[in-house]
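A short write-up of the structure that comes next.
Only the coordinates and a few stated rules stand behind these numbers; no lab work does. Computed from a prediction, not measured in an experiment: that's the story for all the values here. As a convention, Cβ positions derive from the backbone with ideal geometry for all residues, glycine included, and neighbour counts pool all protein chains shown.
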Amino acid sequence: MGRLQVFNNWSPFMVNDAGKVWLGLEYFCNVGDELWSKDDEAFIQFAIDELDMIGIINKADVADATILREEKAYPSYYGSYGQFDVLKNYLKQFDNLFPIGRNGMHKYNNSDHSMLTAMTAVDNIVNGITDNENIWQINTEEDYHEEK
Ligand SMILES: Cc1cc2nc3c(=O)[nH]c(=O)nc-3n(C[C@H](O)[C@H](O)[C@H](O)COP(=O)(O)OP(=O)(O)OC[C@H]3O[C@@H](n4cnc5c(N)ncnc54)[C@H](O)[C@@H]3O)c2cc1C
């Protein structure tokens, strides 16, 4: 398991019944690998066993579970990524185009960065700024907070 979250702690609006605990488990994998290809029921049992093993739950308490497999969840910096500037500079030709967000910029932005790119784009539009460089500069100099 990569990460675990308790949706009840984010917002009551994220859960259907606040009287139950809603857990989200993230497993990082690639399309076609061993985890990705695991049968749904086997995967759910594997996840329940992991939660039980680390003492987060008692497996007998599990009411229900589901799996979502998300392709292309992360922007990957390989292949032709070294030539990314070719694309970025091409897009800069268009004065009324403002690439923002994670997939919009193919950049490993977190939620805060993504919102900041949107806010900066709005500021640019309002102030008649057509050069998007200030948007591309978001998330370039900060330390990456998830690294050890
Ligand atoms: C597994 C995982 C864990 C993460 N954990 C964290 C975390 O702990 N903290 C954090 O800060 N960030 C985290 N992130 C990153 C965060 O989710 C993203 O940075 C953020 O959601 C990007 O926002 P966005 O608006 O750019 O894109 P998104 O949130 O991806 O929104 C894009 C929207 O556009 C829609 N869309 C796509 N194509 C079309 C189309 N053609 N027409 C109409 N709609 C379309 C999509 O359905 C989607 O709703 C995580 C990401 C992943 C994948």
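At-a-glance table
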| quantity | calculated |
| --- | --- |
| Kyte-Doolittle mean at least 1.0, axial Cα span of 30 Å or more - DSSP H helices of the chain | none |
| Estimated distance in nm for a label pair at D112 and S37, the labels positioned 7 Å out from Cα along Cα-to-Cβ | 4.0 |
| Residues F46 and F7, FRET efficiency given R0 of 25 Å [Cβ-Cβ distance, rounded to 0.05] | 0.75 |
| Per-residue [θ]222 nm for the chain (sum of -39500 (n - 2.57) over DSSP H runs n ≥ 4, rounded to 500) | -9500 deg cm²/dmol |
| Label-point gap, in nm, between Y27 and L91 - each point 7 angstrom along Cα→Cβ | 3.3 |
| For the chain, built as a Gaussian network whose Cα springs stay under 10 Å, the top-fluctuating residue of M105, M115, M14 | M14 |
| Sequence ranges 25-36, 43-54, ranked by mean other-Cβ count within 10 angstrom, highest first | 43-54, 25-36 |
| Fraction in percent of alpha-carbon pairs per bin - 10 Å, segment 79-136 | 24, 53, 21, 1 |
| Geometric extent, Cα atoms of the chain - Rg, Dmax (angstrom) | 20.3, 60 |
| Within the chain: Cβ-based charge dipole about Cα centre, in debye rounded to nearest 20 (Lys, Arg +1; Asp, Glu -1) | 300 |
| Normalised alpha carbon radius of gyration of segment 3-61 [divisor 2.2 N^0.38 Å] | 1.27 |
